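Here is the structure we will look at.
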Amino acid sequence: MRDDGDPAHTLPDDPAVLQAMLLAALAERDSLAAERDSAVAERDALAERNEHLKHQLQKLQRMQFGPRSERLPEDQLQFAFEEAETSLASNEAEAEKRSPDQ
């Protein structure tokens, strides 16, 4: 049998071996689909968290730079910014932990 890169030329003639190869390929496909679904769910959760943090940041900026009657006391404002920074750092660390090493 000549190997010119065409997969049909390299397939075995034994039906049992072909069936085993097919089952292995289907299992790999299912595994990759599950991995993809997990990544999509994680991406969606992170996007939702990102939108929430953006909303909080906009609210804090309005409180800091808005009319004086709407401003927070400096210590409460600082606490809110520290909380947002801590949350961002935590999310970044979690994302780095989950991402594959490059």
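The values are calculated or read from the model by the stated rules, or taken from the named source; none is laboratory data. Since the structure is predicted, the reported quantities are computational estimates derived from the model, not experimental observations. Cβ coordinates were reconstructed from backbone atoms using ideal geometry, including for glycine residues, and neighbour counts include every protein chain displayed. Keep in mind that these areas ignore ligands, DNA and RNA; they rest on the heavy atoms of the full protein, side chains included. Shrake-Rupley method; radii C 1.70, N 1.55, O 1.52, S 1.80 Å.
Table for the structure above
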quantity: Those residues of segment 1-20 which are at pLDDT below 95, part of a helix (DSSP H, G or I) and open to solvent by 90 Å² or more (accessible area, probe 1.4 Å), in sequence order; calculated: Pro15
quantity: Among the candidates Leu53, Leu60, Leu77, residue that is touching a residue at least 12 places away in the same chain (Cβ under 8 Å), closer than 18 Å to Ala95 by Cβ, of a type in the set (A, V, I, L, M, F, W, C) and open to solvent by less than 80 Å² (accessible area, probe 1.4 Å); calculated: Leu53
quantity: Criterion violated by Ser69 - all others in (1) at pLDDT below 75; (2) open to solvent by 100 Å² or more (accessible area, probe 1.4 Å); (3) under 30 Å from Glu42 (Cα atoms) satisfied; calculated: (3)
quantity: Subset of segment 20-46 [closer than 26 Å to Asn91 by Cα and hydrophobic (A, V, I, L, M, F, W, C)]; calculated: Leu32, Ala33, Ala34, Ala39, Val40, Ala41, Ala45, Leu46
